[in-house]
Structure formats: C-alpha cells, structure tokens
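Asks: Structure provided below as structure tokens; questions to follow.
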Amino acid sequence: MSDIRLLTGGEAVAHAMRQVDPDVVPVYPITPQTPIIQTFAKLVADGQASTEIVNVESEHSAMSAAIGAALAGGRTMTATSSQGLALMAEVVYIAASMRAPIVMALGNRALSGPINIHCDHSDSMLIRDSGVVQLFAENAQEAYDLMVMAPRIAEDPRVLLPVLVCLDGFTITHSAEPVSLLPDDDVTRFVGPYSVPNAVLDTTSPTTQGPFAMPDYYFELRRQQAAALETALDVLEEVALDFERLSGRRNGAFESYRLEDATRALVALGSTTGTIKDVVDELRDEHETAGLLKLVSFRPFPTAAVAAALDECARVAVLDRADSPGGTPPLHAELAAALYGSDVELTGHVYGLGGRDLHPSDVRAVFTGTPTPYLGLRGERCLA
Amino acid sequence: MAELSTWETLPVAGAVRPGGAPRTLTSGWRTGEKPAVDLSLCVNCLLCWLYCPDSAVELSAETFTGFDLDYCKGCGICADVCPVAAITMVPE
C-alpha cells in the first residue's frame, strides 16, 4: 500500500530524511530551505528519527561539520539555499575533493543582489564546477524520490561525492501536492548501511585525509575526482533502475517527454518542466510535433545521451534559469557543446530570474514564435 | 625520487596511511642563518628546547647537546631566548 500524503516539497524532503535516518545533520536555516530542517527537526524531536542535529553558526560551519561527520563514518545530510550555499561554497569544493558522500537538499533561490528570496538556479550554477552531483526535481514527488536515491549514489565506492538534490524555492519547497511515500522499511533496505573506505574514527586503520597536494599530485587528485563524477552517471542509472523496481517511478539523468518524433524541443531544469509538459500536450492536441527534454542530472551532464535524444529535432530551445553575464548561460553552453556538429538549430533563453513567472503562453511562444534571449523581461519584444 | 602514482593508482582523495609519507628533510627551508652554540657558556636551562617550533634541539637524557640541522629552519628563537647568550645565529 502506498502512503499518499499532502506535503510541500520541503516536507517531502524531510520525510525522506526521516526514513533514511542519517546519523548527523549539521544545518543552518535559510529561506526557502527552512521548512526542510524545521520539519525534520520536529520529526527528530518526536522520536521518529535518531539523527544528531548540529545547530551550527553558519553554512560554512554546516558543510565543515558535514565533512567531519561523513568521513568519520556517519551518514550525513544537510540543506541550504542561495546565500547559504554561497557562504558554504569554499567548503563544498573541499567536501568534493575529500570525497565526502554528503547528501544536501538545495532549495534553489536567486543569489543576491539585489536581495531576493525566490527561485532561480544561480545558486546551483555558482558551484557548477565544484565536483558535486546536482540533480533537479520537477515537483515534490521527485524531490522525495531523489532524496531517497541520493545516499546510494553519493556512497557508491565508485563515486564518493556530495549529491545535491535541487528543488525550486517556493514553487516546490512551499507548494503542497500529493506525495507517495515508500514504506519506512523499504527505504531502510534501499539505502543500506553506511560505509566509507577510510573512516577516520577507525583507529585500527588510521589515515591522514585532506593532505596538502603540491604540483606533483594536485593535478592527479583533481583528475581522480573528475573521473568519479563521470562515473556517477552510470551509478545514477543503476540506482534509478533499483528505485523503479521499488517504487514504479523512474528518475534517470533526464526524461524524454513526447520527444520521439518531435521536430521542436525545449530543454529545461526543475519545476518549469511541469509547465512545459502542459504546453507540449496542448501543442500535440493541435498536431504540432513538440517535445521536452527534462534534464534531471545537470552534474554529471549526460552529454552523449542528450545529443542522441535531440538528434532528430530541427529546432531546440534551451531555457536557463540563471544568466552568465558576459558569456553563455550554463545550460545553453552544455547543449551547444553536446549538439556541436549536428544540424539542430539551437537557441538559448534566460527566464525566471528572481522568481519571475514563466507563463504557458511564454512557453508556447518559444515553440511557435521567434523567441528572444530573455523570456518575460519587460522591454523585450513580444515573441508571438 | 620514487616513481609518482597516476590518478588511477592513487588512494581515494589521496588518503595517507601511517608511514605512507616520505621522510622529507626540511632544512632546505632555512634562509641564510643557522644556530651555533658555545657549550662553555650553556647552563642547560633547556629554554631553547622548550621554545624550538621544529623540535630541532637535541638532548642526551636531559642534557643539551646541539641542533638537528636537518629540521632547523633558522628562525633564531633559540638564540633569542637563551639567557646566557650561548647561542648565536651564524651564516650558513
């Protein structure tokens, strides 16, 4: 029997954490992540999880404590958003380089400034090259699912990297929808016991971790880390298959939505893909061959598979919810690299910064009109 | 020098086991001066031993005997704290 509850994305993530029951959660509150830790802290206080919550004084400390806990041999989770991630960023790089399998929920929120609390993906993109896995949820159900899958990916001996489960601030973190929870025992069995190769509290086999690496070894250690992130793509698909057996839901590196015979396709991350699916359905009803490639895994980026999935499209439009001033926005750049040398006509569009709504009519215009580089920005020419 | 590992043969994240690091002599970091002692003046107070940041003051039991110049970095703290001016810094 599935247990379907009306939960916000934040609450759904907290329930995944309750079921995974990590040993340690060092965390600092920040909007729009706060409902995650608030709900989880209540569940712990009510005795429904046995986690040690460490109330740290900043996000920099949260990730520092998380590294210590994860490498000491404890399953570790945390959560943050926006400025919290910015403050944490220095330590996120260190977590990846020390190969600490920390799972973190990221309630995506625009970076300051101007200060803003609403969703865009600029916080994720700030740590694009930190070496962590970044998986984007479309809705509360996926946020829950990915949070259950994340420890398996992070802790796989071939990976051993932090995994971020990214859920759009407010649109997912604060919106309630029906979420199907797995039985607690199924999650316990699915994630299994925690282990890392060199637990520092194993006094029978002590190690020095995070050593100084001079020009003779730094390059090799960075390459080793990059290889682990590349391998995470295979591990993600293995874990997705196992999770599908358990839940009936498949959350791989990306979802092809009505893409098989599509001549025009959009590529996007996060909750906007739900809006795009509705527009694709409308256009299909009108006999337009529209489709969507919903990217889940931004890092590692499934370059070859994405290129194959879009190969037959005449036109592909990429929707970035983060800009790269003076350059090419991050998702657009990935697609341009993936489709290099193909005949696909590629355009890139920035939308939704700081929580600006993207309406179905905007999405429709991208499919059918002449889209501008910025969608929903005052002063831009009307698209249709 | 021993052959260096490739990224594929390095331990995960470069973890180091006991004895796994080379015994690197650090006297090459010394910049110009090293300590010298006039043992006829030394009162064996061991302040130099206590203050040396590199544990490069050598003892025999509890008696000062000299300096381990493989690890001395030439900071001059020993000469500074010596109450009887038995230690002086001299050019290499």
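No lab work stands behind these numbers, since they all come straight from the coordinates. Predicted model only: the values in this text are computed from it and were never measured. Don't worry about glycine lacking a Cβ; one is built from the backbone with ideal geometry, like all the others, and counts go over all protein chains shown.
Asks: Sort by residue number and report every cysteine in chain B with no other cysteine beta carbon within a distance under 4.7 Å.
Replies: Those would be B:Cys42, B:Cys45, B:Cys52, B:Cys72, B:Cys75, B:Cys82, since no other cysteine Cβ in chain B comes under 4.7 Å of theirs.
Asks: If you place +1 on the Cβ of every Lys and Arg and -1 on the Cβ of every Asp and Glu, how big does the dipole about the Cα centre of the range B:1-90 come out, in debye to the nearest 20?
Replies: Numbers: 5 positive and 10 negative charges, 24 e Å.
Dipole size: approximately 120 debye.
Asks: May I pose another question? Filter the chymotrypsin sites (Phe, Trp or Tyr not before Pro) in the range A:291-364 to those in DSSP coil with at most 13 other Cβ atoms within 10 Å of their Cβ, and list the result. Present the calculation step by step, with values, prior to reporting the outcome.
Replies: On the way: sites: A:Phe298, A:Tyr340, A:Tyr351; in loops: A:Tyr340.
Here the chymotrypsin sites (Phe, Trp or Tyr not before Pro) that fit, given the DSSP loop and packing criteria, are A:Tyr340.
Asks: Please report the base-10 log of the normalised intensity I(q)/I(0) for the range A:259-384, using a Debye sum with one equal scatterer per alpha carbon and no solvent, at each q in 0.17, 0.21, 0.23 (1/Å).
Replies: Evaluating at q = 0.17, 0.21, 0.23 Å⁻¹ gives log10 I(q)/I(0) of -0.84, -1.32, -1.58.
Asks: I've got another one for you. At 7 Å along Cα-to-Cβ for each site, give me the label-to-label distance between B:Thr6 and A:Thr328 in nm.
Replies: It works out to 3.2 nm between the two label points.
Asks: Just in the range A:1-67: which GluC sites (Glu not before Pro) are loop by DSSP and have at most 14 other Cβ atoms within 10 Å? Intermediate values should be presented prior to the final figure.
Replies: Working: sites: A:Glu11, A:Glu52, A:Glu57, A:Glu59; in loops: A:Glu57.
Those satisfying the criteria are A:Glu57.
Asks: Also: For chain A, what's the relative contact order in percent, using C-alpha pairs closer than 8 Å and at least 6 residues apart? Spell out each step's value before the answer.
Replies: Working: 829 pairs, mean separation 61.7, N = 384.
Contact order relative to length: 16 percent.
Asks: Restricting to Cα pairs below 8 Å that are 6+ residues apart, what does the relative contact order work out to for the range A:174-272? Please round to a whole percent.
Replies: Numbers: 22 pairs, mean separation 17.0, N = 99.
Dividing the mean separation by the residue count of the range A:174-272 yields 17 percent.
Asks: For the charge dipole of the range A:285-384, defined by +1 on Lys and Arg C-beta atoms and -1 on Asp and Glu C-beta atoms about the Cα centroid, which residue among A:Val344, A:His359, A:Pro325 has the Cα displaced farthest towards the positive pole?
Replies: Of the candidates, A:Pro325 comes out farthest on the positive side.
Asks: What area, in nm² and to one decimal, does the C-alpha convex hull of the range A:108-193 cast on average over all directions? Write out the running numbers ahead of the final one.
Replies: Details: hull surface 26.1 nm².
So the Cα hull casts an average projection of 6.5 nm².
Asks: While we're looking at this one, here's another question. Could you check which residue among A:Phe212, A:Phe136, A:Phe40 shows the biggest mean-square fluctuation in a GNM of chain A with a 10 Å Cα cutoff?
Replies: Judging by the Gaussian network model, the answer is A:Phe212.
Asks: Going by how many other Cβ atoms sit within 10 Å of their own, how do A:Ser175, A:Ser2 line up, fewest first?
Replies: Values: A:Ser175 15, A:Ser2 10.
Least crowded to most crowded, the residues run A:Ser2, A:Ser175.
Asks: Using a 10 Å cut-off around each Cβ, can you sort A:His349, A:His287, A:His60 from fewest to most neighbouring Cβ atoms? Before the final figure, lay out the partial values.
Replies: Details: A:His349 23, A:His287 6, A:His60 18.
The fewest-first ordering by Cβ neighbours comes to A:His287, A:His60, A:His349.
Asks: Further question on the same structure: Could you compute Rg(Cα) / (2.2 N^0.38 Å) for the protein assembly as shown, with N its residue count? The partial results should precede the final answer.
Replies: Details: Rg = 28.0 Å, N = 476, 2.2 N^0.38 = 22.9 Å.
Compared with the compact-globule rule of thumb, the protein assembly as shown sits at 1.22.
Asks: If I model a spin label as a point 7 Å beyond the Cα along the Cα-Cβ vector, how far apart are those points for B:Thr24 and A:Ser112 in nm?
Replies: A separation of 4.0 nm, rounded to one decimal place.
Asks: Quick one: what are the phi-derived ³J(HN,Hα) couplings along the range A:327-334, Karplus 6.51/-1.76/1.60 with θ = phi - 60°, whole Hz, x for glycine and proline?
Replies: x, 9, x, x, 5, 4, 5, 5
Asks: Oh, and also: Under a 5 Å amide H to amide H cut-off, with H placed in plane at 1.01 Å, what residues pair with B:Lys34 once short-range neighbours are removed?
Replies: Result for B:Lys34 returns B:Val90, B:Glu92.
Asks: Here's a follow-up. What is the fewest-to-most order of A:Asp184, A:Asp120 by other Cβ atoms lying within 10 Å of their Cβ?
Replies: A:Asp184, A:Asp120
Asks: So if I average 1/r over every pair of distinct C-alpha atoms in the range A:1-149 and take the inverse, what Kirkwood radius in Å does that give?
Replies: Evaluated over the range A:1-149, this radius sits at 15.3 Å.
Asks: Of A:Ala309, A:Phe190, A:Asn108, which is farthest on the positive side of the dipole of chain A, counting Cα position, with +1 on Lys and Arg Cβ, -1 on Asp and Glu Cβ, and the Cα centre as origin?
Replies: Positive-most Cα among the choices belongs to A:Asn108.
Asks: Could you pull out the longest piece of chain A with no exposed loop trypsin sites (Lys or Arg not before Pro) in it, calling a site exposed if DSSP puts it outside H, G, I, E, B and it has at most 15 other Cβ atoms within 10 Å? Before the final figure, lay out the partial values.
Replies: Working: sites that count: A:Arg158, A:Arg249, A:Arg250, A:Arg378, A:Arg381.
Between exposed loop sites, the widest span is A:1-157.
Asks: Next question. Taking 0.36 nm per intervening residue step and subtracting the Cα-Cα distance, what contour gain separates A:Arg249 from A:Ala176 on full extension?
Replies: On the way: separation 73, 0.36 × 73 = 26.28 nm, distance 1.96 nm.
Here the answer is 24.3 nm.
Asks: Antiparallel as a % of all DSSP beta bridges within the protein assembly as shown, to the nearest 5? Present the calculation step by step, with values, prior to reporting the outcome.
Replies: Working: 22 of 59 bridges.
Bridges in the protein assembly as shown are about 35 percent antiparallel.
Asks: Given 0.36 nm per residue, what is the gain on full extension from A:Asp129 to A:Asp3 after removing their alpha carbon distance, in nm? Could the numbers behind the result be given before it?
Replies: On the way: separation 126, 0.36 × 126 = 45.36 nm, distance 3.79 nm.
Gain on extension, A:Asp129 to A:Asp3, equals 41.6 nm.
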